[in-house]
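The values are calculated or read from the model by the stated rules, or taken from the named source; none is laboratory data. Keep in mind that what you see is a predicted model, and the values were worked out from it rather than measured. Ideal geometry is used to build each Cβ from the backbone, glycine not excepted, and the neighbour counts take in all protein chains shown. The accessibility values were calculated without ligands, DNA or RNA, using every heavy atom of the protein model including side chains. Shrake-Rupley method; radii C 1.70, N 1.55, O 1.52, S 1.80 Å.
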Amino acid sequence: MNFSQLMTQLKQHKQDAVYLILGDQSYLSDQIKQAFTSLIPDEQRAMNIGVYDMEETPVSSAVEDAISVPFFGEQRLVMINRPYFLTGLRVKSKVEHHVDDFLEYLKHPESSTIMVIFAPYDKLDSRKKITKSLKKIATTVEIGKLRESEIKSTVKQRIAAEGYAIDEDALERMMQLTAGQLTSMMNDLPKLFLYNKDGKQITLSSVNGLVSPSIEQSVFDLVNSVLKKNAKESMDIYRNLVLENEAPIGINAVLIQQFRLLLQVMILQKHGYSQGNLAASLKVHPYRVKLALQTIRHFDYKQLRDAYLGLVETEREMKSSNRSPELLFELFLLKFMRPDVA
């Protein structure tokens, strides 16, 4: 089930006993929480809605709440956040989870309770008994892997609901600046509404002026600048990232990830992978794959490989020497941009 299908189901007041909301999309998660909350009458919410963070509270507490009879009402809502025990992640938490209690509950969910589990992760550990049991009983809603068309449609719906419209080139630029992150786009809309309140039309110029580029987009610009061997532009982008409190070693790490992605996309595309297959196989945002495909058209394998290996060596020196990270990045640029480097 996807987000739209879930919203339709809830509007029809057809609820299942257990839901698993899978994926890290804060905006959609908030919309889903509001939709489930609205199922409980205002005057009953204080006593019949429980919210539990699994990094702070044992799952047994949520289960105890779920098996309780609704207080002067017909339904109880139990929302569970960050259930890291469904994954292979190691989380620093002193909470001890007795998942056997949860397993027992899943065998016989309480008919008067709606349990909603928000798992903001790319994937769960399907080898675990608790994960297998949950997937069998729960209605799973995927919100993390949205296609570009779905992101644009969701943004347009929100804009239209506010009585505004957006130019197509402005929407495409928003996608670019935010690296296709739906939550970031939604967070920027209030500024755009205010700026364009007279004409009710969101323009490209307002997007360029008000939407700040994400670190992913800034790094993408830096990657292109490095590959084009534009030293001044590369250093300007790099210094702006440092001024925005991005750690040099962190910038270098993201650059390495981006060049690794470009190499992977180039190799897999030559083996016949489509854009959709690439995103699924590499487990990255589809919009990042789209940008990568656009980039690799203009460069060859050797250029990407040389940049990648140069950045790996720069990272090693950043961790092992006392030289300035900025100087090391400059040295990388000088070496990569030598005329004899094809």
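Points worth noting:
- Test for N187: is it assigned to a helix (DSSP H, G or I), of a type outside the set (G, A, S) and within 30 Å of A160 (Cα to Cα): yes
- Condition check for L263: open to solvent by less than 10 Å² (accessible area, probe 1.4 Å) and at pLDDT 95 or above: no
- Some residue of region 58-65 being outside any helix (DSSP H, G or I) and under 21 Å from V91 (Cβ atoms): yes
- Answer from N252, N196 - the residue that is among the polar types (S, T, N, Q) and in contact (Cβ under 8 Å) with a residue 60 or more places away in the chain: N252
- Scan of region 227-248 for residues that are within 24 Å of the chain's Cα centre (by Cα) and surrounded by 13 or more Cβ atoms within 10 Å (Cβ to Cβ), ordered by number: I237, Y238, N240, L241, V242, E246, P248
- Answer from N196, N224 - the residue that is touching a strand residue (DSSP E or B) at 6+ places or on another chain (Cβ under 8 Å), surrounded by 16 or more Cβ atoms within 10 Å (Cβ to Cβ) and not aliphatic (A, V, I, L, M): N196
- If you go through region 28-37 and keep only what is in contact (Cβ under 8 Å) with a residue 24 or more places away in the chain and either open to solvent by 40 Å² or more (accessible area, probe 1.4 Å) or part of a loop (DSSP other than H, G, I, E, B) (or both), you end up with Q31, K33.
- Entirely in region 126-179, the helices (runs of 4 or more DSSP H) that have 1 or more residues that are closer than 26 Å to Q275 by Cβ: 148-161, 168-177
- Residues of region 306-337 classified as among the basic types (K, R), farther than 16 Å from Y238 by Cβ and either touching a residue at least 12 places away in the same chain (Cβ under 8 Å) or open to solvent by less than 40 Å² (accessible area, probe 1.4 Å) (or both), total: 1
- Meets criteria (at pLDDT below 95 and surrounded by 17 or more Cβ atoms within 10 Å (Cβ to Cβ)) for L282: yes
- Members of region 105-132 that are buried (at least 17 other Cβ atoms within 10 Å of the Cβ) and of a type in the set (G, A, S): A119
- Residue match in region 190-211 (condition: in a helix (DSSP H, G or I) and modelled with pLDDT under 90): no
- Note on region 285-301: residues that are out of contact with any Gly (no Cβ under 6 Å at 6 or more places or on another chain), over 14 Å from V226 (Cα atoms), open to solvent by 30 Å² or more (accessible area, probe 1.4 Å) and in contact (Cβ under 8 Å) with a residue 24 or more places away in the chain amount to 4.
- Qualifying residue in region 93-101 (condition: touching a strand residue (DSSP E or B) at 6+ places or on another chain (Cβ under 7 Å), among the aliphatic types (A, V, I, L, M) and part of a loop (DSSP other than H, G, I, E, B)): no
- Cβ separations smaller than 6 Å between residues 6+ apart or across chains give the following pairs from region 92-114 residues that are closer than 20 Å to K136 by Cβ to residues that are open to solvent by 60 Å² or more (accessible area, probe 1.4 Å): L106/I137; E110/I67.
- Restricting attention to region 285-298, the residues that are under 18 Å from the mean Cα position of the chain (by Cα) and either farther than 18 Å from T178 by Cβ or modelled with pLDDT under 90 (or both) total 7.
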